[in-house]
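The values are calculated or read from the model by the stated rules, or taken from the named source; none is laboratory data. Fair warning: this is a prediction, and the values are worked out from it, not measured in the lab. Backbone-built Cβ (ideal geometry, glycine too); neighbour counts: all protein chains shown. Each accessible area value is taken on the protein alone, full model and side chains, heavy atoms only, with ligands, DNA and RNA left out. Shrake-Rupley method; radii C 1.70, N 1.55, O 1.52, S 1.80 Å.
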Amino acid sequence: LNASSVVSDGGRIFLKASHDVTLDPGSKLSASGNTGGAVTVQAESGTLNSGGVIEASGASGEGGSVQLSADVLIHTGEIRAEGQSGGNIQAQARNILSAGRISADGLQGPGGVVNVQASDSIIQTAAADLSADSAYGNGGMVTLQAAASNFASGTLSATGGAKGGDLKLLGGDIVLLGASLDASGVTGGGTVLV
């Protein structure tokens with residue numbers, strides 16, 4: 001259970017439990033610096049409740065990397081791997097409830113990668129917001145993939161100040177209910193694959 005702040009300036013944070021991990025609202029895991037660091041959180045056979053802030057952002061370089069893995073992932077907080085170019089965010093679990101913000105945006109260069117994968121099902125609420133946008137470069141890549149059912153009501157974006165990026169919404173069964181998918185770009189659109 002983490003209810004406070006863990007800070008590693010541009011370094012690495014590794015948090016692992018054999019069962020459950022809870023990151024309370026108001027908590028923070030920060031591996032930010034000039035270049036983004038790395039944050040890894042694992043709940044090996046239990047539930048990862050991610051209600052706080054996880055960041056691996058780079059103020060003057062690339063965004064860092066964030067890796068989450070669990071049997072069940074409940075995300076209601078915020079995950080950032082932003083930088084001059086976007087970082088890399090990977091989330092894997094059997095079942096996933098996504099109701100928070102996940103961003104790998106690039107401020108100057110290309111957007112990064114957001115990859116959310118479930119071996120069973122994903123439920124994405126209207127509060128969920130996944131982005132790999134770029135203000136001036138090409139959009140990045142956002143993937144929301146479930147082996148069984150993928151229910152999406154949130155926002156997925158990979159927009160670009162230059163060319164749009166790639167969005168992938170994959171599953172055995174897919175339900176889009178009020179979802180918004182945007183891979184537009186100033187100099188050319190990207191790809192949306194459902």
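Only one of [x] 24, 22, 11; [y] 32, 19, 14; [z] 23, 22, 16 was calculated from the structure for semi-axes √(5λ) of the Cα gyration tensor in Å, and its label is [x].
3J(HN,Hα) along the stretch 130-144: 10, 9, 9, 7, 9, 6, 10, x, 7, x, x, 9, 10, 10, 10 Hz, from the Karplus curve 6.51 cos²θ - 1.76 cosθ + 1.60 with θ = phi - 60°, whole Hz, x for Gly and Pro.
With +1 on each Lys and Arg Cβ and -1 on each Asp and Glu Cβ, and nothing else charged, work out how big the dipole of the chain is about its Cα centre, in Debye to the nearest 20. Please list the in-between numbers first.
Working: 8 positive and 16 negative charges, 29 e Å.
That gives the chain a dipole magnitude of about 140 debye.
Couplings 3J(HN,Hα) for the stretch 111-123, derived from phi with the Karplus relation 6.51 cos²θ - 1.76 cosθ + 1.60 (θ = phi - 60°), are x, x, 10, 10, 10, 10, 10, 10, 6, 10, 9, 10, 10 Hz, where x marks Gly and Pro. Ligands, DNA and RNA left out, the accessible area of the stretch 82-194 computed with a 1.4 Å probe is 53% carbon and sulfur. Determine the sum of side-chain charges near Ala31: Lys and Arg each +1, Asp and Glu each -1, restricted to other residues whose C-beta is under 12 angstrom from that of Ala31. Net of charged neighbours comes to +1.
Overall, the accessible surface of the stretch 3-54 at a probe of 1.4 angstrom is composed of carbon and sulfur to the extent of 46 percent.
What number comes out for accessible area per residue over the stretch 104-194 if the probe is 1.4 Å? Units Å², please. Present the calculation step by step, with values, prior to reporting the outcome.
Values: 3720 Å² over 91 residues.
On a per-residue basis, the stretch 104-194 sits at 41 Å².
From the alpha carbon centroid of the stretch 130-193 to that of the stretch 26-86 is 20 Å.
Quick one: putting +1 on the C-beta of Lys and Arg, -1 on the C-beta of Asp and Glu, what dipole do you get for the stretch 1-64 around its Cα centre, in Debye to the nearest 20? Before the final figure, lay out each step's value.
Numbers: 3 positive and 6 negative charges, 14 e Å.
For this selection, approximately 60 debye.
Based on protein heavy atoms only, the stretch 1-53 ends up with 49 Å² per residue of surface accessible to a 1.4 Å probe.
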